[in-house]
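Here the structure comes first, spelled out in structure tokens, and everything after it is commentary.
The values are calculated or read from the model by the stated rules, or taken from the named source; none is laboratory data. These figures come from a predicted structure and were not determined experimentally. Because the Cβ atoms are built from the backbone with ideal geometry, glycine has one as well, and the counts that use them run over all protein chains shown. When the accessible area is computed, the model is the full protein with side chains, heavy atoms only, and any ligands, DNA or RNA have been set aside. Shrake-Rupley method; radii C 1.70, N 1.55, O 1.52, S 1.80 Å.
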Amino acid sequence: MLCLRNIEYEKNGRKILHGVNMTFREGMSYSILGPNGAGKSTIARILMGELKPTAGEVLLDGRDITGLGVTERARLGISMAWQEPARYEGIRLREYLTLGGKLKVEEDEIREALELVGLPHELYAGRLIDKTLSGGERKRIELASPLLLRPRYVILDEPDSGLDITAGELIEELLGRFKRAGTTVILITHHEEIAGKTDFAYFVCAGRLVKKGFSREVVEYYRKTCGRCLFVEGSP
Ligand code: ADP
Ligand code: MG
């Protein structure tokens with residue numbers, strides 16, 4: 001179980017997160033839903049260990065991991081689908097996905113992961129990662145990577161952005177695949193249709209948790225309330 005306990009985050013004297021509490025249980029899927037600027041990516045970066053909260057704790061199976069960085073957390077099975085393939089310019093996609101061959105996977109598994117994200121194996125497995133890859137192709141590569149890594153937790157920050165209208169179906173397939181692999185998904189989005197596909201959801205706004213529960217209920221509440229509130233950037 002992965003938990004955020006009373007997480008506060010302050011930057012340049014401005015409070016971005018105000019006491020956020022969230023729990024992510026094994027084998028479930030969760031959305032973090034909220035409008036732009038709500039603090040979703042900040043929460044993701046705190047879960048990953050890229051940012052240290054100003055106050056509060058990150059707990060993994062009851063152990064305080066707040067002080068651990070990205071690499072240590074990755075070793076504990078917390079990974080994120082924002083690896084920028086750009087950093088690996090010049091290597092082949094197969095090498096990228098298998099961590100340069102360190103990950104022992106069958107070619108069939110590579111095929112399955114690539115095809116699931118809509119990249120035909122025969123065209124992509126041996127393809128060089130270079131400037132000719134489009135934004136959408138890079139996004140799909142990012143999503144294929146955790147399918148092979150099989151982490152305990154995967155954080156997907158706006159996985160539908162930069163994809164075309166088939167994104168919804170792709171996200172649904174990914175969620176099914178992660179569930180079968182026993183990976184807990186934490187899906188960050190500002191689209192309610194996407195959030196509705198996970199088991200549970202957290203609705204955040206202006207750095208605060210507004211509502212939590214079954215996705216269906218949270219999405220309904222979000223639809224009714226978001227955009228109609230009086231929250232103004234900078235209000236207390
Ligand atoms: P979301 O992902 O929900 O769109 P973010 O977590 O990216 O929101 O940002 C939350 C708030 O924190 C925004 O108001 C944003 O401007 C601010 N913010 C994010 N990153 C920084 C930063 N590095 N320095 C200062 N303010 C930041
Ligand atoms: Mg964001």
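Stretched out fully, how many nm does the piece from residue 8 to residue 208 gain, at 0.36 nm a residue minus the Cα gap?
71.0 nm
Please work out whether the range 102-162 counts as rounded, prolate or oblate from its C-alpha gyration tensor, where a ≥ b ≥ c are the square roots of the eigenvalues and a/c under 1.5 means rounded, while otherwise a/b larger than b/c means prolate and anything else oblate?
oblate
Total Lys pairs in the chain closer than 18 Å by alpha-carbon, pairs eight or more apart in sequence or interchain only?
14
With everything on Cα atoms, drop me the angle between helix 135-149 and the longest principal axis of the chain, reported from 0 to 90° to the nearest 10.
Helix 135-149 sits at roughly 90 degrees to that axis.
Where Lys and Arg each count +1 and Asp and Glu each count -1, what net charge lies around residue 182 among other residues with Cβ under 9 Å from its Cβ?
That works out to +3.
Rounded to the nearest 500 deg cm²/dmol, what is the calculated helix-only ellipticity per residue at 222 nm for the chain, with -39500 (n - 2.57) per DSSP H run of length n ≥ 4?
One gets -9500 deg cm²/dmol as the mean residue ellipticity at 222 nm.
Along the positive direction of the dipole of the chain (beta-carbon charges: Lys, Arg +1; Asp, Glu -1; about the Cα centre), which of 204, 143, 12 reaches farthest?
12
How large a share of the accessible area of the range 1-51, in percent, is made up of carbon and sulfur atoms when the probe is 1.4 Å and the other protein chains stay in place?
41
Residue 123 to residue 165: extension gain in nm, 0.36 nm per residue of separation minus the Cα-Cα distance?
Fully extending the segment from residue 123 to residue 165 adds 12.9 nm.
With the crude spin-label approximation of a point 7 Å out along Cα→Cβ, what separation in nm comes out for residue 193 versus residue 72?
4.2
Please work out the Cα convex hull volume for the chain and give it in Å³ per residue.
Hull volume normalised by residue count: 128 Å³.
How far apart, in nm, are the 7 Å Cα→Cβ label points at residue 172 and residue 224?
About 2.6 nm, to one decimal.
Magnitude of the Cβ-charge dipole of the range 86-236, K/R +1 and D/E -1, about the Cα centre, nearest 20 debye?
Using Cβ point charges on Lys, Arg, Asp and Glu, the range 86-236 gives about 580 debye.
Any idea what angle helix 167-181 forms with the longest principal axis of the chain, computed on alpha-carbon atoms, 0 to 90 degrees, nearest 10?
Value to nearest ten degrees: 80.
Name the residue, out of 71, 225, 98, whose mean-square fluctuation peaks in a Gaussian network model built on the chain with Cα pairs under 10 Å.
The residue that fluctuates most here is 225.
Counting Lys and Arg as +1 and Asp and Glu as -1, each charge on the Cβ, what is the dipole of the range 90-142 about the Cα centre in debye, to the nearest 20?
Charge dipole, the range 90-142, about its Cα centre: 320 debye, nearest 20.
With θ set to phi - 60° and the Karplus curve 6.51 cos²θ - 1.76 cosθ + 1.60, what are the ³J(HN,Hα) couplings of the range 103-108 in order, to the nearest whole Hz, using x for Gly and Pro?
Listing the rounded values in order: 8, 8, 10, 6, 4, 4 Hz.
Taking only the alpha-carbon positions of the range 59-149 and ignoring solvent, what does the Debye formula give for the base-10 log of I(q)/I(0) at q = 0.18 Å⁻¹?
Summing over Cα pairs of the range 59-149 leads to -0.79.
What nm distance separates the two modelled labels at residue 23 and residue 108, each placed 7 Å from Cα along Cα→Cβ?
Roughly 3.9 nm, to one decimal.
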